[in-house]
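Read through the structure below, which is laid out as structure tokens, and then see the notes.
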Amino acid sequence: MIKKFIPYLKEFKKQVILTPTFMLLEVVCEMILPLLIAGIIDKGINGGGGLPVIVPYAGGMICLACVSLFCGVQSSKNSAVATQGFGRNLRKALFEKVQTFSFNDIDHFSSASLITRLTNDVRSIQMTVSMALRMLVRTPVQMLSSFIICLVLNPKLTLILAVALPVMTVFVVTIMKKAHALFKAQQAAIDGLNSTVQENLVAIRVVKAFVREDYEREKFQKSNDRLRDAAMRAAFHMMKVFPVMMLILQAATIAVYYWGAHEIRDGFMLTGELTSYISYISQVLMSVFMVSQSLNQITRAAACATRVLEVMETEPDIQDGKATELPEAKGKIEFRNVSFKYRSGTGDDVLHDVSLSIEPGQFVAIMGGTGTGKSTLVNLIPRFYDVSEGQVLVDGMDVRDYPIEALRSRIGMVLQKNVLFSGTIRENLLWGNPNATEEELYQAARDAQAEEFILGKPEGYDTFLEQGGVNVSGGQKQRLCIARAMLRHPSILILDDSTSAVDTVTEAAIRESFHTNLKDTTVIIIAQRISSVETADKIIIVDDDHIAAVGTHAELLETSPIYQEIYQSQQEGGSMPNG
Ligand SMILES: Nc1ncnc2c1ncn2[C@@H]1O[C@H](COP(=O)(O)OP(=O)(O)OP(=O)(O)O)[C@@H](O)[C@H]1O
Ligand SMILES: [Mg+2]
């Protein structure tokens with residue numbers, strides 16, 4: 001698993017080498033310091049050397065402390081460059097991967113989880129890399145060298161470690177084993193809190209409209225409490241570590257003092273040596289603690305790494321087709337015995353054995369009850385999903401043979417749940433086609449009947465739209481989305497219920513501009529109002545999972561009971577915006 005993350009660190013080779021190197025230099029300085037103290041005590045104080053002996057030792061200590069400080073700072077600096085860069089690269093790779101995802105892939109992960117993976121999980125891995133760079137080299141070196149110095153200073157006293165080390169190891173391993181489960185629960189609680197907050201913020205308007213703030217508050221409180229409890233359980237558990245560690249350390253120190261005193265009395269050791277011996281033995285024991293902490297951090301990050309790799313290793317289920325020669329873009333569409341079911345759905349066909357053909361330049365309307373598969377049907381044309389059976393052809397070629405970009409550049413699509421981005425109106429429209437000229441921009445706005453209200457705003461095309469286009473009305477937003485799609489000059493324009501919030505007069509004007517200005521463009525609209533579809537060359541009635549009828553307004557009035565029913569209901573009830 002680790003191997004898979006190395007590429008994101010590659011460009012920081014220098015820092016990856018320098019960080020542990022400076023760390024090691026720092027450890028070396030820290031290792032020498034106690035020896036100098038021993039010198040001051042044994043030679044300067046007890047040996048009677050006085051100031052002339054103490055001053056050089058003290059000077060040496062100051063120099064070492066400065067070098068140690070310098071190395072520490074350098075190590076942290078290099079580690080920061082490497083790990084922050086690593087995080088950036090990993091996030092970039094993840095983001096790019098997500099951009100290649102099909103609708104299916106996004107349904108599979110859910111956007112909330114993708115956000116957590118891209119932010120939280122990456123941060124956790126990043127922290128582990130930082131720790132690995134600094135601790136994984138430092139700790140073993142510190143442990144081993146302290147141990148060797150202990151042995152050299154006094155092999156007999158080092159036997160104390162033979163008792164203290166196993167006790168400490170058993171204790172730490174027991175604590176960490178349980179800690180892993182507790183931290184995992186804490187991570188899950190963080191996930192839970194994130195998704196509660198995310199869902200609330202996305203739907204904040206609905207929450208306010210239904211005055212359900214209290215309910216939401218309670219929901220939030222629950223996940224918030226859950227996180228506090230989980231975090232507290234983990235913290236309480238970990239709190240035991242330090243006092244017990246200190247207890248073992250103090251016990252070892254007392255033992256060292258006790259037997260050390262005997263050693264001094266018998267002339268095997270000097271007082272200063274004993275003082276420094278204590279420092280080294282604590283370093284050995286502290287290292288055990290550090291190793292366990294590092295292992296703990298690694299296991300915590302392993303869960304995050306798995307989640308990140310899941311995203312990285314997903315092969316988008318929609319891949320570019322192989323065709324190199326593309327047919328001329330005319331706008332012909334054909335469905336041949338198409339069946340389709342959602343991977344995440346109930347397992348039933350949403351569309352079953354659907355065949356239809358739409359000629360270039362036709363104005364086609366699709367009608368039918370909600371949930372009958374109208375959106376699904378049109379989403380197959382730009383290949384947002386692949387058919388389960390049968391074939392969809394655009395300009396005579398199977399959509400699966402097109403390079404995706406080539407296919408989608410032929411199609412202008414206004415989705416049922418469309419969005420605008422934060423930015424000016426101009427930026428939003430040009431987002432559909434960055435190369436469009438000013439004149440084309442104005443023409444598209446005019447065709448979509450958006451020009452009037454755009455110019456009515458004090459800043460016109462430079463009016464700033466907030467995220468999601470919340471500061472324009474529903475109908476205005478729909479018209480901007482239509483203009484954005486038109487600006488691509490597609491040979492096929494698909495509007496999925498995109499004029500439902502536009503009044504009938506404006507809608508008629510939009511339809512009129514399709515007839516006059518987009519004569520050669522195949523236009524498919526999904527609509528609920530008879531008035532929206534009356535003039536269509538062809539009306540397709542979708543029912544359940546199949547096409548129930550195809551014909552013009554006049555033909556369907558004669559032959560299709562469903563169409564007759566819709567017509568009747570709208571005659572009686574007047575114009576019913578949502579059928
Ligand atoms: N992403 C999805 N995953 C699973 N099932 C889905 C998905 N999208 C739609 N469905 C299901 O497929 C069926 C057809 O949905 P579709 O959105 O095509 O209907 P529609 O005719 O466009 O309805 P409406 O008029 O309300 O827009 C529905 O039963 C719906 O629950
Ligand atoms: Mg729909």
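Taken together, the values in this text are just the output of simple stated rules run on the coordinates, not laboratory data. Keep in mind it's a predicted model, so treat the numbers as computed, not measured. Note that each Cβ is placed from the backbone with ideal geometry, even for glycine, and that neighbours are counted across all protein chains shown.
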Would you please give the FRET efficiency between residue 398 and residue 232, computed as 1/(1 + (r/R0)^6) with r the Cβ-Cβ distance and R0 = 41 Å, to the nearest 0.05? 0.10
Under the rule of at least 5 residues apart or a separate chain, name every residue whose amide H is placed under 5 Å from the amide H of residue 413. 494
Roughly how tilted is helix 213-239, in degrees to the nearest 10 and between 0 and 90, from the longest Cα axis of the chain? 20
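Rounded to the nearest 20 Debye, what is the dipole magnitude of the chain about its Cα centre when Lys and Arg each give +1 and Asp and Glu each give -1 at the C-beta? Numbers along the way, then the final one.
Working: 55 positive and 62 negative charges, 744 e Å.
I would put it at about 3580 debye.
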Orientation-averaged projected area, Cα convex hull of segment 204-303 (nm²): 10.0
Among 129, 152, 99, pick out the residue whose Cα is farthest towards the positive end of the charge dipole of segment 89-202, where Lys and Arg carry +1 and Asp and Glu carry -1 on C-beta, about the Cα centre. 152
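Once you have a ≥ b ≥ c as the square roots of the Cα gyration tensor eigenvalues for segment 411-489, tell me rounded if a/c is under 1.5, and otherwise prolate or oblate according to whether a/b is larger than b/c. Can you show the working numbers first?
Values: a/c = 1.40, a/b = 1.09, b/c = 1.28.
Judged from the Cα gyration tensor, segment 411-489 comes out rounded (a/c under 1.5).
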Quick one: which residues, 5+ away or cross-chain, put their amide H under 5 Å from the amide H of residue 549? H built at 1.01 Å from N. 541
Tilt relative to the chain, helix 159-202 - C-alpha long axis, 0 to 90 degrees, to 10: 20
Protection proxy ranking, peptides 523-530, 360-367, average beta carbon neighbours within 10 Å, highest first: 523-530, 360-367
Computed Kirkwood radius, in angstrom, where 1/r is averaged over Cα pairs of the chain: 30.0
Where does helix 561-573 land angle-wise versus the long Cα axis of the chain, in degrees 0 to 90, nearest 10? 90
Quick query: amide H of residue 525 versus all other amide H atoms, modeled in the peptide plane; which residues come in under 5 Å with a sequence gap of 5 or more or a different chain? 364, 365, 366, 495
May I ask for the distance between the Cα centers of segment 70-109 and segment 235-292, given as a whole number of Å? 41
Please give the Cα centre distance for segment 315-350 versus segment 503-559, rounded to the nearest Å. 23
Given charges at beta-carbon only (K, R positive; D, E negative), |dipole| of segment 474-567 in Debye: 640
In whole Hz, the Karplus estimates of ³J(HN,Hα) for segment 143-156 (6.51, -1.76, 1.60; θ = phi - 60°; x where Gly or Pro) are 5, 5, 5, 4, 4, 5, 4, 4, 4, 5, 5, 6, x, 5
